[in-house]
Structures are given as structure tokens and as C-alpha cells.
Ligand code: CTP
């Protein structure tokens, strides 16, 4: 593997040296670009010694070689460790005023950023907006962790562990256009079941799992339709997004847009019931207890199971007890090819953090996909689905 490693100017720059050594020991060729600020924390000599290759620091050193273009053309993947708030902001704005930002702007290879910074800088709205914008443009971000920071305090902003960075790198480099020509439909997010114009019944789903799956499927070359419920998370770029709010809207959208796809993955947290009556006017407050009649929603996935045809149909099972037994019942009853079991005790499994999944199929097929961030789990799940599709 040929890695273009960018180092920007934060204290975590020293960790980039250890990571370089690991990569070299694993047989990777590593070309390193240091920004001016990075060189205040660590020297080019460190990386030249580790890689036995020249280290690049300027757009102007060998202009006849156009270094920002040839470096990204020769690499399989670009990785920035650490990515500072300033670097992230420049990339989000398209500023290319040094070798690293120019090379990343010119890159047609996977680009991975591992941010590290002070927790307030990371939490600031503008940094979060920039992170979202870069993700939507196809950058992969290895989220920083909570832990001890340079300010001798604990907070979010510590560089991700080497294992997580290497995982993202391997995934990016090993990614084949394995779903080219395939149509993939994914349901994601919560539903809202309104009982008046301003009140509804919903759940804690954010759609993060389905969004990660949609991004990964698109990167693998699939044509992806994402049926997405109400969420503040952004849908990935290059994906056809259909918005729904209620389970009934999802049902209609799924019948129109998902039936006939090569793969359907149902991650949506669909409400099993809706209020029997929805008033047009806002209900007025009263001291009386509120009693509400609920009626059953149609099961979207079971309906897709009835019309399965050649589709490879994957469900998710949100369980709080006796997980695999309940999930196997859903696998059978909804006519699925596989089901991913999600432990949702105490709202586990919801939101953009880590999750843990087990995939079940057939009578006793079972694979643990392990505990990881949702991007990693999405890749592992799609690997397993592709493998099952080849077997069936
Ligand atoms: N699902 C669906 N439509 C529904 C309910 C669920 O498409 N009305 C899908 C979910 O997207 C998920 C799978 O069915 O892929 C299982 O959902 P889950 O909430 O775990 O189970 P339910 O079938 O609703 O059963 P229960 O609530 O009893 O666990």
C-alpha cells in the first residue's frame, strides 16, 4: 500500500511518527508531507529516518515535479494525522495555500482525516459544520476520542487510537468497487407519529447506522437510495435521498423506491403504532390524564419480504432481552436473508458513537461483527452481505 501521510501542526504530531513506523513495518510505502506548523512540533528528519524517503514540506521545492499532483497520483490513499481545526477549516473552504492542502484538494484517492485538538475547538459549531461538510464531500473522518488532552484536562479531541486509524486506512485501501452496477436501498432513522400539529411519538434513532451503510455502499460503486427519517445528521453525498416522517410515509416510499433493489437494508426504527386520531388543532392543556388510542402500523420490512423476488433482504433487530432468539424469529417471519442484532438496552446502539452487531442468517448462520465505530461496522456488514450474496 502507498500512503500519503499529511501531518498538520498539533501536539499529536508526535503520534504520527509512531504510526509511520507501524505502517513501514507492515510493508507500506509512506510519503510524508509536513505543514509549516507541524515542523514546530516534529522535524522532517524524524519521518525521513522512519520512511527512508524524502519528506515534503513546500510547494516550491521542486516545482518542475509539481509535487502536490504527483504525490497524490502515486498514492493509494491520503491520511492526515493529526488534522487540526485550521486544516479542517481550510479543506472545507477549498483553500489550498500550502503543499498539504493543495495535494488533498487535487486528490482523487480516498482521503482520511484523524482530527485532534482542544475539546472546545472541536465542539465549536464551525468545526462541527466543517467536519460535516467534509464528510458529505466524501472525506472519511476518524472521530477523536475522549481522554487526557494536552491542556492536562479530560475532554473530546484526543487523536483516535492507532487501531482505529489503521482500520480506516485498510478499509479505504482495500475497498473494491464491489457493488458497481448494484442497486441498494436503505431505510434509516426514526419515524414520527403525530397526534396533533406539534406533538408526536418517536424514538432515539438518529439514522447514523443507515447513513454509514449508504456512504459505504456508494463508495463501493452501488447506486444507493436512502429512505431517511427526521434527523439532524447529513445524508452522504452521491446518494439519492427520500425523506419520510411517519411509518405510513416510509411504507409508501419503500414500495415505490426499494422494491426490486439488489439489496435492501432496513435500519429504520419504525414505530409499531400510530395515534388513532390526529387532531388538526393543537390539543389544549388539561388537568385530566391523557388517554390515547393507538393503532398498528404496517410492517414495512415484512411487506418487502412478501415481495422479495431476487432482492437480498437484510433487517435489523432492536432488542433488549433474549436478543438472538427474538432476532431469529424476525428473520423467519419477515422472510429475510439476514438480520443484524442490535442491543438497544439503555438506548445503546443509537447515535453516532460505537455499536456492536451480530449477523444471523439461515437456520444457524452467525457472525460477530464486533464492537466498532459505525463506519467500520458498515464496512464489515457490507463485506458479510456480499459474501452471503455470493453463497446464495
Ligand atoms: N420494521 C419495519 N416496519 C415496522 C417495524 C419494523 O420495517 N413497522 C423493520 C425495522 O426497520 C427492522 C426490523 O423490521 O429492520 C425489526 O424491527 P424491530 O423494531 O426490531 O422489531 P419489530 O418487528 O417492530 O418487533 P418488536 O417491536 O416486537 O421487537
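Please treat every number below as a calculation from the coordinates, not as lab data. Every value quoted in this text rests on a predicted model; they were computed, and no experiment measured them. Ideal geometry is used to build each Cβ from the backbone, glycine not excepted, and the neighbour counts take in all protein chains shown.
Packing order of peptides 1-7, 293-299, 67-73, highest average first: 1-7, 67-73, 293-299 (average count of other Cβ atoms within 10 Å over each peptide's residues). Peptides 8-14, 26-32 ranked from most to least packed give 8-14, 26-32, packing being the mean of other C-beta atoms within 10 angstrom over each peptide's residues.
Applying 1/(1 + (r/R0)^6) with r as the Cβ-Cβ distance of residue 278 and residue 65 and R0 = 51 angstrom yields a FRET efficiency of 0.15.
Going by the alpha-carbon gyration tensor, a ≥ b ≥ c the square roots of its eigenvalues, is the range 342-381 rounded (a/c under 1.5) or, if a/c is not under 1.5, prolate (a/b greater than b/c) versus oblate? Oblate shape, in that a/c is at least 1.5 and b/c is the bigger or equal ratio.
Quick check: the angle from helix 125-136's long axis to the longest principal axis of the chain, C-alpha only, nearest 10 degrees? With both axes taken from Cα atoms, the answer is about 80 degrees.
Tell me whether the range 2-175 comes out rounded, prolate or oblate; compute the Cα gyration tensor, take square roots of the eigenvalues as a ≥ b ≥ c, and use a/c under 1.5 as the rounded threshold.
Details: a/c = 1.42, a/b = 1.28, b/c = 1.11.
Because its axes are fairly even, with a/c under 1.5, the range 2-175 counts as rounded.
Calculate how steeply helix 247-257 sits against the longest principal axis of the alpha-carbon atoms of the chain, using the helix alpha-carbon long axis, and give the answer as 0 to 90 degrees to the nearest 10. On a 0 to 90 degree scale, this one is about 70.
Efficiency by 1/(1 + (r/R0)^6): what FRET value for residue 345 and residue 136, r their Cβ-Cβ distance, R0 = 25 Å, to the nearest 0.05? FRET efficiency, residue 345 to residue 136: 0.20.
First check a/c for the range 153-277, with a ≥ b ≥ c the square roots of the eigenvalues of its C-alpha gyration tensor; if it is under 1.5, answer rounded, and if not, answer prolate when a/b is larger than b/c or oblate otherwise. Cα axes put the range 153-277 in the oblate bin.
Post the alpha-carbon centroid distance, the range 77-154 to the range 326-386, in whole angstrom. One Cα centre to the other: 30 Å. Helix 208-219 axis versus longest C-alpha principal axis of the chain: approximately 60°, rounded to the nearest ten. With 0.36 nm allotted per residue and the present C-alpha distance subtracted, the residue 293-residue 364 stretch has 21.6 nm of extension available.
Nearest-5 percent of antiparallel DSSP beta bridges in the range 2-175? Please list the in-between numbers first.
Numbers: 4 of 22 bridges.
So the antiparallel bridges in the range 2-175 amount to around 20 percent.
Note on residue 95 and residue 108: their simple-model spin labels are 2.8 nm apart, each label 7 Å out from Cα toward Cβ.
Which FRET efficiency, nearest 0.05, do residue 148 and residue 198 yield, Cβ-Cβ r, R0 41 Å?
Working: r = 44 Å, r/R0 = 1.07.
E between residue 148 and residue 198, to the nearest 0.05, is 0.40.
So if each residue of separation counts as 0.36 nm, and I subtract the Cα-Cα distance between residue 234 and residue 126, what length gain in nm does that give? Intermediate values should be presented prior to the final figure.
Working: separation 108, 0.36 × 108 = 38.88 nm, distance 1.53 nm.
Full extension from residue 234 to residue 126 adds 37.3 nm.
Only Cα pairs under 8 Å and at least 6 apart count here; give the relative contact order of the range 183-391 as a rounded whole percent.
20
Peptides 325-333, 166-174 ranked from most to least packed give 166-174, 325-333, packing being the mean of other C-beta atoms within 10 angstrom over each peptide's residues. For the chain, what does -39500 (n - 2.57) per DSSP helix run (n ≥ 4), summed and divided by total residues, give at 222 nm, in deg cm²/dmol to the nearest 500? So the helix-based figure for the chain works out to -10500 deg cm²/dmol.
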